[in-house]
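Colleague: I have a structure here, written as structure tokens, and I will follow up with some questions on it.
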């Protein structure tokens, strides 16, 4: 087995562990494990570029991304909001989660990656970032924002893809360091609050301006 594929599978295992830990009640450890899974996701991309990408590795990576970037954070969202919201609000979170998971598999099969210069639709990772930012800052995640992102992910609008995702940088160290830091920082404090607002502003700006930066 290639090193890149082994790291991808290790990321899937870590994401599965995150889900299991969250279901059994330790939400904070679950979030930390999920950020470690994201670190491994960056690392497998580095290894894939060094070893040479394969069709099997590409499909494995996309499938695992659906699990760690969509399914796990969506379930953690439901676990987090279960005791914090009204039944009606929780029903909206549930409908959002079901819709996002369904959309993620639709995009996996029917939206083939034909141009690495851009995403087709708002990247699904933006949903995970918003969800996790809300959790670590101990804030309710905005239902309106989630459905806004869902609509943009559904539409086949091209969104800018940064050069590091296309292999022009040999080692995206900043992404790995950022994910690792998010795995160890205190949750619910000033650092988490700063990260929350940084993510909110960044996602909103990208959701509007990302489509304007596309270079086809």
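Colleague: Go through (1) part of a helix (DSSP H, G or I); (2) farther than 28 Å from residue 201 by Cβ and name the single condition residue 25 misses.
Modeller: (1)
Colleague: Residue 34 versus (1) within 17 Å of the chain's Cα centre (by Cα); (2) without any contact (Cβ under 8 Å) to a residue 60 or more places away in the chain; (3) under 19 Å from residue 128 (Cβ atoms): which is the lone unmet condition?
Modeller: (2)
Colleague: Going by the conditions given, is residue 53 outside any helix (DSSP H, G or I), farther than 16 Å from residue 14 by Cβ and over 17 Å from the mean Cα position of the chain (by Cα)? Step through it out loud before you land on a result.
Modeller: Values: outside any helix (DSSP H, G or I): yes; farther than 16 Å from residue 14 by Cβ: yes; over 17 Å from the mean Cα position of the chain (by Cα): yes.
Here the answer is yes, as residue 53 does meet what is asked.
Colleague: Taking the condition of being loosely packed, with under 13 Cβ neighbours inside 10 Å and touching a helix residue (DSSP H, G or I) at 6+ places or on another chain (Cβ under 7 Å), how many residues in segment 82-108 meet it?
Modeller: 1
Colleague: If residue 194 satisfies every condition in (1) surrounded by 14 or more Cβ atoms within 10 Å (Cβ to Cβ); (2) modelled with pLDDT of 95 or more; (3) outside any loop (DSSP other than H, G, I, E, B) but one, which is the exception?
Modeller: Against the list (1) surrounded by 14 or more Cβ atoms within 10 Å (Cβ to Cβ); (2) modelled with pLDDT of 95 or more; (3) outside any loop (DSSP other than H, G, I, E, B), residue 194 comes up short only on (1).
Colleague: Can I ask one more? Given the criterion within 21 Å of residue 99 (Cβ to Cβ) and touching a helix residue (DSSP H, G or I) at 6+ places or on another chain (Cβ under 7 Å), identify the matching residue among 32, 62. Even if it seems obvious, please write down each step before you answer.
Modeller: Numbers: 32 fails: within 21 Å of residue 99 (Cβ to Cβ).
One residue alone meets the criteria, 62.
Colleague: Here is a follow-up. So which of 31, 46, 7 ends up being over 20 Å from residue 76 (Cβ atoms), crowded, with 17+ Cβ neighbours inside 10 Å and modelled with pLDDT of 90 or more?
Modeller: None of the others qualify; the one that does is 7.
Colleague: Report yes if some residue within segment 140-152 is over 27 Å from residue 101 (Cβ atoms), surrounded by fewer than 16 Cβ atoms within 10 Å (Cβ to Cβ) and either more than 17 Å from the chain's Cα centre (by Cα) or modelled with pLDDT of 95 or more (or both); otherwise report no.
Modeller: Filtering segment 140-152 for residues over 27 Å from residue 101 (Cβ atoms) gives none.
Among the residues of segment 140-152, not one is over 27 Å from residue 101 (Cβ atoms), surrounded by fewer than 16 Cβ atoms within 10 Å (Cβ to Cβ) and either more than 17 Å from the chain's Cα centre (by Cα) or modelled with pLDDT of 95 or more (or both), which makes the answer no.
The values are calculated or read from the model by the stated rules, or taken from the named source; none is laboratory data. Remember, predicted model here, so these are calculated numbers, not experimental data. Heads up, the Cβs are rebuilt from the backbone with ideal geometry, glycines too, and the neighbour counts pull from every protein chain shown.
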